[in-house]
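Worksheet: one structure, shown below.
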Amino acid sequence: MGYKIMALKNYVKGEHFMEDRYINFNEKRMYIFSELVKRYWNGNLNNVKDLNDLAYDIKNKYGFRNNEMSFIKDHIRIAMGLDPNRDDEFKDELDMVKKYKKINLPIVAKIDGPCEYCSHNPCQCMIFEKYEAPIYSRANEPIIVNDKCLNCGYCASKCDFGAISDKIEFIPLIDLLKSDETHVFAAVAPAIVGQFGDDINMGQLRTALKMIGFKDMIEVALFADILTIKEALEFDHLVKTEEDFFLTSCCCPVWFNMIKNNYPDIYKHLSPSVSPMIASGRILKKLYGNAKIVFIAPCIAKKAEAKEPELKEAIDYVLNFRELKEIFSALEINLKELQSDEKDQASFGGRVYGRTGGVSFSVKTVVNRLAPTRVIKLKAKKVDGVKGCRQILNDLYEGIKVDSNFIEGMGCSGGCVGGPRANIDVEKATKLINEFGEDSFILTPFDNLNVMKILNQLGISNIEEIMENEAIKKLLSR
């Protein structure tokens with residue numbers, strides 16, 4: 001039984017309950033963000049008084065109490081990309097947004113207040129047990145242990161009381177989008193297909209993003225195509241016997257962190273590739289100089305990945321689908337009314353990266369092209385969800401035979417389409433991704449002329465040089 005239902009039942013009984021102002025707080029959180037976007041975009045958020053006006057508007061709209069103003073103000077700070085600080089007074093928040101334009105770790109933060117109303121007190125954390133994220137102590141409220149956190153983001157999306165939330169990275173980006181001096185590119189994850197309506201195509205999304213100041217929208221599936229070729233070459237080089245195996249997917253930070261932090265003996269079998277997100281940022285900045293890159297996905301973990309010490313500077317900001325939907329609404333952009341600006345950038349293989357098994361399928365198509373006479377064929381094992389990922393890693397660690405030599409892990413059930421900030425359900429999203437992949441005129445990454453065009457611009461004349469050219473290896477590897 002969900003927390004919300006339990007809370008409402010307790011309300012009826014007259015027991016300890018979650019009061020109305022806290023119920024369904026994820027939607028209230030989006031209202032706070034929407035108001036921030038409208039006011040900042042239109043020049044009506046300039047000082048502490050304006051922030052206080054917003055806080056009191058929220059208090060009055062939802063019936064919060066005077067002693068709960070720090071809770072509201074912390075959610076405003078988080079929606080601005082800042083850390084909560086439990087302070088009843090706003091101070092230099094707008095200056096921080098305007099001057100620094102940088103989002104710091106941690107991404108997921110605990111906000112004081114609502115836990116005292118939760119019917120599960122002491123905290124039972126059922127949802128965290130379900131996803132096996134060992135980041136909370138069994139105290140009167142969740143206590144985040146950041147060095148153990150996988151950054152999967154499910155705590156923020158499933159806790160509907162506003163006790164846990166992830167920073168939103170759009171407000172610091174607005175000034176850059178309005179500036180003529182900086183080119184800002186939107187790099188969109190393959191899972192974006194269909195997330196904004198059945199009748200909304202990728203060309204209309206490109207038009208909408210250009211309307212709010214982006215220079216262009218780039219399919220990250222194009223960079224997945226490049227990494228597919230790299231991983232196919234690595235597989236061909238490393239898997240020579242029946243005992244050898246190769247771990248991917250580099251695109252999932254939850255899977256990567258699980259292996260790196262908990263299975264050091266297996267880590268050597270993991271692909272050294274960066275994720276398509278990081279590759280897109282590094283390559284676009286190499287090609288376009290001082291451009292800013294914004295990654296858009298259904299994932300909270302990507303916000304943390306972009307800030308890892310060895311990866312930072314590739315991606316400047318990360319937005320999710322739920323946030324982008326709210327941005328379009330706040331700025332009164334009706335996607336249905338827009339002209340379509342279509343571009344065919346990626347292959348079928350790159351586009352299906354967004355669902356479980358997509359990476360395996362794509363790499364296998366290239367391995368079969370590169371080495372059609374291989375004796376040891378690519379045999380894929382696809383696992384998804386934190387529980388499934390842990391199980392296969394435990395089996396490998398304990399020496400249990402896994403009848404596969406190419407193991408793909410995705411932290412979310414269904415793959416990226418099952419991310420915590422997706423707008424549509426997994427089954428529908430998977431179907432739409434497959435259809436969009438089939439619409440591509442490019443069958444495999446190996447056939448993608450856009451890949452060769454980019455590689456040529458980077459000084460590479462043939463595919464095999466991906467493994468040999470030091471400059472490209474630096475761009476595509478951790």
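The values are calculated or read from the model by the stated rules, or taken from the named source; none is laboratory data. Predicted model, so just to flag it, every value in this text is computed and none were measured. With ideal geometry, Cβ positions are generated from the backbone for all residues, glycine too; neighbour counts draw on all protein chains shown. Accessible surface areas use protein heavy atoms only, side chains included; no ligands, DNA or RNA. Shrake-Rupley method; radii C 1.70, N 1.55, O 1.52, S 1.80 Å.
So here's what we get for this one:
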| quantity | calculated |
| --- | --- |
| Pair residue 400, residue 38: separation of 7 Å Cα→Cβ label points (nm) | 5.4 |
| Under 19 Å from the Cα of residue 379 - aspartates and glutamates, other chains or at least 8 residues apart | 231, 234, 236, 242, 243, 244, 395, 403, 408 |
| Förster radius 30 Å - calculated FRET efficiency between residue 371 and residue 431, Cβ distance, rounded to 0.05 | 0.40 |
| Local net charge near residue 447, Cβ-Cβ under 10 Å (Lys/Arg +1, Asp/Glu -1) | 0 |
| Rounded accessible area per residue of the range 364-478, 1.4 Å, Å² | 51 |
| Counting all C-alpha pairs of the range 195-304, share separated by more than 17 Å (%) | 65 |
| Proximal charge balance of residue 464 [Cβ under 15 Å; K/R count +1, D/E count -1] | -3 |
| Beta bridges per DSSP with both ends in the chain, % antiparallel, nearest 5 | 20 |
| Theoretical FRET efficiency, 1/(1+(r/R0)^6), r = Cβ-Cβ of residue 441 and residue 116, R0 60 Å, to 0.05 | 0.55 |
| Selection of GluC sites (Glu not before Pro), the range 376-478, meeting DSSP coil and at most 14 other Cβ within 10 Å | 398, 468 |
| Residues in the range 200-233 that a label on residue 50 would reach, taking backbone N under 20 Å of a point 7 Å out along Cα→Cβ | 212-213 |
| Binned Cα-Cα distances of the chain, short to long, each 20 Å bin given as a whole percent | 24, 55, 20, 1 |
| Counted charge near residue 432, where neighbours are those whose Cβ lies closer than 14 Å (Asp, Glu -1; Lys, Arg +1) | -3 |
| Pairs beyond 27 Å (Cα-Cα), from 102/453; 61/167; 401/473; 49/101; 286/381; 260/307 | 102/453; 401/473; 286/381 |
| Cα Rg, Dmax, the range 211-270, angstrom units | 15.8, 53 |
| Straight-distance crosslink candidates among aspartates and glutamates, where the alpha carbon sits under 15 Å from residue 230 and sequence neighbours closer than 8 are dropped | 447, 464, 465, 468, 470 |
| Residues residue 66 and residue 242, FRET efficiency given R0 of 56 Å [Cβ-Cβ distance, rounded to 0.05] | 0.20 |
